[in-house]
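The values are calculated or read from the model by the stated rules, or taken from the named source; none is laboratory data. Everything quoted here is computed from the prediction, not taken from an experiment. Cβ: placed from backbone, ideal geometry, glycine included. Neighbour counts: every protein chain shown.
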């Protein structure tokens, strides 16, 4: 019996000498690595932002199969509804972490993002913001939060530059605008940015003659539209959400006011599928949004679109571009870091996420990289105009699917 032990010892020692001192420990380390990344997905699937939250959810739902093909990483989705409520978002983030979520993704809304970032910092769990523009989210010195989406200031800067291009392309020079915006965290951030940036841009021909804010959950915008109409502005500069954008257009038609156009410098609502369904082509057409958008020519876009069409055959990616694209890229960021670091430890994973460098992406812009604040500053915008019941790129010209129209036909002159 003792002879057998000596032989075993000698055999093991010899193998260790050949393979190196780490040979015995390596298998144990490999076995200890987690095989699956648990991702807590926080989105407003109910409440006033429900349609957009459900749109973002599609980007999460197509991710596990694609991420497995691309990175060899298994993702377990842990979905939570923020109910378009900041306090609910905070409590759901806590619960997801308690239930084992190793990274958080979401939540579309800036107020909710700010609350979740606080939870992530306290619990030392990485948080990848898919969509939310309030600058303060990445201005707090957080170590566990990154954002792959432009700040309100970047949205405005990109959006206003595209407005200059729009006016040049259509040989127009509107002199005045009424600025209408939602009064939530996002809308207020955009309003502050426009107030600070617009007066300094001498390449734009118009001035804001009236500013009107309103509740994104409002059910009646008759007073606000009447006030905007009384301003006699050439066009509406709009920062909206989905439901209020629908309500606004209906009220414009009702009050028979046809401004030269409705142009968003960088907000959701007017390119969402529900916008077309609610208003039909006649009233949804010609609205303009200067927003981050997918690159239809990118190989990854085509791959995502194929997976999206297979899983949601009744939907079209073009109506969910921004929501699906940035949600899927958030999943890519998490999976890429998880694969590189080989650990789901919160601190190690957060550090790996901050070192992200992904060149192949589906959204317009440069590589996905984060600065010292955790902000991706390489995201561009495109000018999207609704034509024939769908959003089409009209600028920049190199990516355009159609020529821009400005001024747009009056409500009564449309087929």
Among the residues in segment 159-178, are any touching a helix residue (DSSP H, G or I) at 6+ places or on another chain (Cβ under 6 Å), under 30 Å from residue 402 (Cα atoms) and in a strand (DSSP E or B)?
yes
Picked from segment 260-275 (must be at pLDDT 95 or above and either out of contact with any helix residue (DSSP H, G or I) (no Cβ under 8 Å at 6 or more places or on another chain) or surrounded by fewer than 24 Cβ atoms within 10 Å (Cβ to Cβ) (or both)), the residue farthest from residue 406 (Cα to Cα) is 262
Quick one: residue 299 ticks every box in (1) surrounded by fewer than 21 Cβ atoms within 10 Å (Cβ to Cβ); (2) closer than 20 Å to residue 381 by Cα; (3) under 19 Å from the mean Cα position of the chain (by Cα) except a single one, so which number is it?
(3)
Matching residues in segment 79-111 - criterion: being in contact with a strand residue (DSSP E or B) (Cβ under 9 Å, 6 or more places away or on another chain), part of a helix (DSSP H, G or I) and free of Cβ contacts under 8 Å to residues at least 40 places away in the same chain
88, 95
Go through segment 342-372 and give me each residue that's crowded, with 17+ Cβ neighbours inside 10 Å and more than 13 Å from residue 128 (Cα to Cα).
344, 361, 362, 363, 364, 365
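Here's the yes/no breakdown for (1) over 22 Å from residue 270 (Cβ atoms); (2) part of a helix (DSSP H, G or I); (3) at pLDDT 95 or above; (4) in the same structural domain as residue 235 (by TED's automatic domain parsing):
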site: 300; (1), (2), (3), (4): yes, yes, yes, no
site: 305; (1), (2), (3), (4): no, yes, yes, no
site: 309; (1), (2), (3), (4): yes, yes, yes, no
site: 318; (1), (2), (3), (4): no, yes, no, no
site: 326; (1), (2), (3), (4): no, yes, yes, no
site: 334; (1), (2), (3), (4): yes, yes, yes, no
site: 337; (1), (2), (3), (4): yes, yes, yes, no
In this structure, is residue 217 touching a helix residue (DSSP H, G or I) at 6+ places or on another chain (Cβ under 9 Å), surrounded by fewer than 22 Cβ atoms within 10 Å (Cβ to Cβ) and at pLDDT below 95?
yes
Specify which of the listed residues (76, 121) is surrounded by fewer than 19 Cβ atoms within 10 Å (Cβ to Cβ) and without any contact (Cβ under 8 Å) to a residue 40 or more places away in the chain.
121
Determine if segment 185-193 includes at least one residue that is in contact (Cβ under 8 Å) with a residue 24 or more places away in the chain, in contact with a helix residue (DSSP H, G or I) (Cβ under 7 Å, 6 or more places away or on another chain) and closer than 29 Å to residue 397 by Cβ.
yes
Assigned to a helix (DSSP H, G or I), at pLDDT 95 or above and not assigned by TED's automatic domain parsing to the domain that holds residue 219, is that true of residue 67?
yes
In segment 250-274, residue nearest to the chain's Cα centre (by Cα) [restricted to those that are in a helix (DSSP H, G or I) and under 15 Å from residue 408 (Cβ atoms)]:
252
